[in-house]
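Some notes on the structure that comes next.
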Amino acid sequence: MTNNRIIIFDTTLRDGEQSPGMSMTREEKLLVAEVLDSMGVDVIEAGFAIASQGDFEAVKAIAQVTKRAVVCSLARAKIGDIDRAAEAIKPAKQGRIHTFISTSDIHLEYQFKMTKEQVLEVITKTVKHARKFTDNVEWSAMDATRSTPEFLCRAVEAAIAAGATTINLPDTVGYATPGDITQMFKHTMGSVPNADKAVFSFHGQNDLGLATANTLAALEAGARQAELTINGIGERAGNTSLEEVVMTLKTRKDRFAFETAIDTTLIMRASKLIQSITGQAVQVNKAIVGANAFAHESGIHQDGMLKNRGTYEIMTPESIGLLKSNLVMGKHSGRHAFRDKLEELGFALGDNAFEDAFNRFKELADKKKEIYDEDIILLVDQDAISRSQRIAFDSLQIECGSEGPQIARLQLNIDGRKRMIKMEGNGPVDAIFKAIKALEPVAQECELKLYQVHAVTQGTDAQAEVTVRLEKQGRVVNGHGANVDTLVASALAYINALCKLELLEEKRVSHFSDHEDAAALSVTEAKQIG
């Protein structure tokens, strides 16, 4: 690997997923991992294996199917964490253990209650232990940007001496400015005698809106790994956005002489997938992937665009996967054309999955006059997510209007049995949700925290994508559904959220031997690393 090659480390499935309301099922994580692997991400941080049985199973499943990327699991600087991480990544073609401990005075005094000498001992012990399982070990200095430079250097030296091959200096609380980051990396890499034996990495939080700028500063100062998430999702204000860093490096080669392995034409697909799974739409003016990123309303801008796109666009829509051809598919399109379109959009489906997708495409084409690329992307991704649900939607009839009661007649397939109910409500959506609660007792224990509708494409026949956020005993999940009928999409989203809650209850079982709140502590510490 050349010195100007940047390693792209994606933590969407670990740090990104730990944001409130953004938890993902195993099936959703596998779908995201497949896209990340296809787009050329070098390292996928698939989860925090010891946090729960569900996290362990997700990391292991991703390790089994990932073809190109290194699969990584986070682990605290504890022997049990590292053992669990090693077990989870064992099936991977290439596996990494990422272990961490804080180095800042405020963390050591108030959270860890450890002396600096004790921290150095723990670093040496745990990194050496991780090396017993893999020669690909990353060590992170949590809260590095608020650590004293002298102790940070001692900790980094100890980690490299113990066998760490990647050193991450994160801005855990989003406190630093680009100047701070430059100074930290140059001082650390210039002062640590064995610094040349490791790749240095940066993980930025976006609390001050400086995550992308800080990441670029780290790369210029000598870091060669960037830790990122799709759409910049993550704890608090989020993490450094993968699409912003990658497209900056691609667009400004005159300023940054760096290369990545990312296929940027899959950026929009990855962004849409994360938005769909998490229910968190990016703002319309979000850099690179926002709806207005390639829109021009000003007369001066439009005039320039008509004469030469380069007058106001520094990158092309095609470079991130927005295709020029809007309307190329319809109800008369056959299997061959549909398969060609899937390949054009980056999908490679097996025979059974292709037939399922094609049948759903035909159903959609009968309802929707114009089929856009975004419709097909959503159709295929949602189909992959929904196949494992215990509760399945069958049919829905609605009576509503300004006169009379709003009534929902709903039929579901629950555990293989068809069940039907008629329910009145304060509006059609309320009637639907009451009907689901009546048919599925689990729903009666849930509180609706969010109901959100947005269109996938333009037009009055656009597919509606609905997000439903449910909370049950402190667990928060997002359900999502898409259909040309907004009310059907609403039922699908509510059902999806219920199935996610059930999966969480089944799989999020603590693996700690001391007490139940240790699992919560581990997740808290994982968030604090950035």
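Evaluating Leu487 against the criteria (1) of a type in the set (A, V, I, L, M); (2) at pLDDT below 80; (3) in contact with a Pro (Cβ under 6 Å, 6 or more places away or on another chain) leaves one unmet condition, (2). Between Gly163, Gly209, the distinction of being within 23 Å of the chain's Cα centre (by Cα), surrounded by fewer than 23 Cβ atoms within 10 Å (Cβ to Cβ) and at positive phi belongs to Gly209 only.
In the range 405-445, the qualifying residues are those that are part of a helix (DSSP H, G or I) and of a type in the set (Asp, Glu), and the one that is modelled with the lowest pLDDT is Glu445.
The residue pairs whose first member lies in the range 111-138 and is crowded, with 20+ Cβ neighbours inside 10 Å and part of a helix (DSSP H, G or I), whose second member is polar (S, T, N, Q) and at pLDDT 95 or above, and whose beta carbons are closer than 8 Å, counting only pairs six or more residues apart or on different chains, are Val119/Ser102; Val119/Thr103; Thr126/Thr99; Val127/Thr99; Ala130/Thr99.
For the residues Leu470, Leu450, Leu504, Leu498, the requirement of being assigned to a helix (DSSP H, G or I) and modelled with pLDDT of 85 or more singles out Leu498. Regarding Ile50, is this residue in contact with a strand residue (DSSP E or B) (Cβ under 8 Å, 6 or more places away or on another chain) and β-branched (Val, Ile, Thr)? For Ile50, the condition - in contact with a strand residue (DSSP E or B) (Cβ under 8 Å, 6 or more places away or on another chain) and β-branched (Val, Ile, Thr) - is met. Of all residues in the range 281-337, those satisfying the criterion of being part of a helix (DSSP H, G or I), at pLDDT 55 or above and over 30 Å from Val468 (Cβ atoms) are Lys307, Arg309, Gly310, Thr311, Pro317, Glu318, Ser319, Arg335, His336, Ala337. In the set (1) surrounded by fewer than 16 Cβ atoms within 10 Å (Cβ to Cβ); (2) touching a Lys or Arg at 6+ places or on another chain (Cβ under 8 Å), the condition left unmet by Asn426 is number (2). Checked against the criterion of being over 30 Å from Glu343 (Cα atoms) and aliphatic (A, V, I, L, M), the range 57-70 has no qualifying residue. If you go through the range 8-39 and keep only what is outside any helix (DSSP H, G or I), farther than 21 Å from Gly204 by Cβ and touching an Asp or Glu at 6+ places or on another chain (Cβ under 8 Å), you end up with Ser23, Met24. Taking Ala357 as the residue in question, decide whether it is surrounded by 15 or more Cβ atoms within 10 Å (Cβ to Cβ), assigned to a helix (DSSP H, G or I) and at pLDDT 85 or above. For Ala357, the condition - surrounded by 15 or more Cβ atoms within 10 Å (Cβ to Cβ), assigned to a helix (DSSP H, G or I) and at pLDDT 85 or above - is met. Residues in the range 239-272 that are of a type in the set (S, T, N, Q), under 21 Å from the mean Cα position of the chain (by Cα) and part of a helix (DSSP H, G or I): Thr248, Thr264, Thr265, Ser271.
The values are calculated or read from the model by the stated rules, or taken from the named source; none is laboratory data. Source: prediction; values computed, not measured. All Cβ positions, glycine included, derive from the backbone under ideal geometry; neighbour counts span all protein chains shown.
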